[in-house]
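Visitor: First the structure, which I've put down as structure tokens, then a few questions once you've had a look.
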Amino acid sequence: MRYLLLILFAPLVLAGDGNGVHVTTLPLASVWFLPEQSDPAEVVALNRSRLAAEISARIERIAVRAGDRVAAGDLLVELDCRDHRSRLAQQQAELERLQTQIARAEQRLRRARNLSSQQNIAEEEIEARNTELDSLSAQARAQQAAIEQQRRNVQRCQLKAPFAGQVTARLASEAELASPGTPLIELLQLDQLELEAQVLPQVGEDQLLDRPMELHFSHQQRDYPVALARRFVSIDPRTGLTRLRLSFSGKPPLPPPGASGRLLRRLTQPHLPADYLQRRGEQLGVFIYQQGKAHFEPLPGALEGRPAAIDLPGDSLLIDQGRQGLTDGDAVLDSSPKPAE
């Protein structure tokens, strides 16, 4: 008999007391959420350089070990430079000899021109003096270029760090003979890092640019803010995933090169769970309680069975129980439990 009474009186309860349908409401901000997805990512250095010798010389000293951190300009390797300094001294002496000859040739040319003004010397003699001076001057310029080249060779006797970084390997040993191209040190740049992430093909670059979201790299329970570095997208042929490059936008310290973690993509626009969506005609939306009436709020772009982006104030009252049979403009009674005082 009790069940029979419940069945008989249920329509009356649902219909309310004649002034509207009884419903319950929730503040919209209490049910919406910010969707978050994650993808595998790894920190990569822009430069991992194998620094090589540029001259032929014996390795005199290697000033660093694997794991050492160095600043730009720090000495890494010193080569035996005695032969190159000796050649530089010889070339400088040769230049001084040529400069002495040039001074004498200029003096002879001035004397010849004085004699020519007195018609005591032939024009051919003046041309010979000019030719001699031009030849010596050309030799001096060539010698000066050779000296500059040899000075660079002397500078190359010291291999210095081109950027701040960490020594990852010593590729040669002291007392070995190095020749141009012989790898000596492997250096990893630490202040120019990027993040490489692999995402599904549908999460392309355009989606990252067009949708407002926060991007973070999560590594060892710490988040680092990142941003899309440049318009770069490529497909990994092995996995079929899209590779993206992102730059770190926060302040140091940064994660070390090679660190693995997750790229977190958090949308900044609130979304509503799919359970609250109602279809009315061709539109999906939600019912909002407004001054005793149910107002149907369409959500453009909403899809059946998927959370939908919503752009309503957080204190809007979302109709929860009783929403299934409502139409836009129906009179409703908010029967939500009142918070205890």
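The values are calculated or read from the model by the stated rules, or taken from the named source; none is laboratory data. Note that this is a predicted model, so its numbers are computed, not measured. Here the Cβ is made from the backbone with ideal geometry for all residues, glycine too, and neighbour counts use every protein chain on show. All accessible areas refer to the heavy atoms of the entire protein, side chains included, with ligands and DNA or RNA removed. Shrake-Rupley method; radii C 1.70, N 1.55, O 1.52, S 1.80 Å.
Visitor: For the stretch 238-313, go through all pairs of different Cα atoms, get the mean of 1/r, take its inverse, and jot down that Kirkwood value in Å.
Guide: 16.5
Visitor: I'd like the orientation of helix 82-117 relative to the chain: the angle between its Cα long axis and the longest Cα principal axis, in ° from 0 to 90, rounded to 10.
Guide: Between the helix axis and the principal axis of the chain, the angle is about 60 degrees.
Visitor: Estimate the FRET efficiency between ALA142 and GLN220 by the formula 1/(1 + (r/R0)^6), using the beta-carbon distance for r and 45 Å for R0, to the nearest 0.05.
Guide: 0.15
Visitor: Between ALA93 and ARG108, with labels modelled 7 Å along Cα→Cβ, what's the label distance in nm to one decimal, could you check?
Guide: Taking the simple label geometry, ALA93 and ARG108 are separated by 2.4 nm.
Visitor: Roughly speaking, what is the centre-to-centre gap between the stretch 262-308 and the stretch 34-71 when only Cα atoms are used, to the nearest Å?
Guide: 50
Visitor: Once the Cα atoms of helix 2-15 and of the chain are each reduced to a long axis, what angle between those two axes, in degrees from 0 to 90 to the nearest 10, is obtained?
Guide: With both axes taken from Cα atoms, the answer is about 60 degrees.
Visitor: Only Cα pairs within less than 10 Å get springs; with that Gaussian network setup on the chain, which residue of GLU148, GLU127, GLU54 has the largest fluctuation?
Guide: Its mean-square fluctuation being the largest, the pick is GLU127.
Visitor: For a Förster distance of 35 Å, can you work out the FRET efficiency between the beta-carbons of ASP320 and ARG238, rounded to the nearest 0.05?
Guide: Efficiency, rounded to the nearest 0.05: 0.15.
Visitor: Tell me the label-point distance for the pair SER249, ARG48, using the 7 Å Cα-to-Cβ offset, in nm and rounded to one decimal.
Guide: Taking the two extended label points, one gets 2.7 nm.
Visitor: As a test of the formula, what do you get for the chain when each DSSP H run with n ≥ 4 contributes -39,500 (n - 2.57) and the sum is divided by the residue count, at 222 nm and rounded to the nearest 500 deg cm²/dmol?
Guide: Counting only the DSSP helices, I get -9000 deg cm²/dmol.
Visitor: Among ALA128, ALA53, ALA142, which one shows the biggest mean-square fluctuation in a GNM of the chain, springs joining Cα atoms closer than 10 Å?
Guide: Residue with maximal mean-square fluctuation among ALA128, ALA53, ALA142: ALA128.
Visitor: At a 1.4 Å probe radius, carbon and sulfur cover how many percent of the accessible area of the stretch 219-288?
Guide: 49
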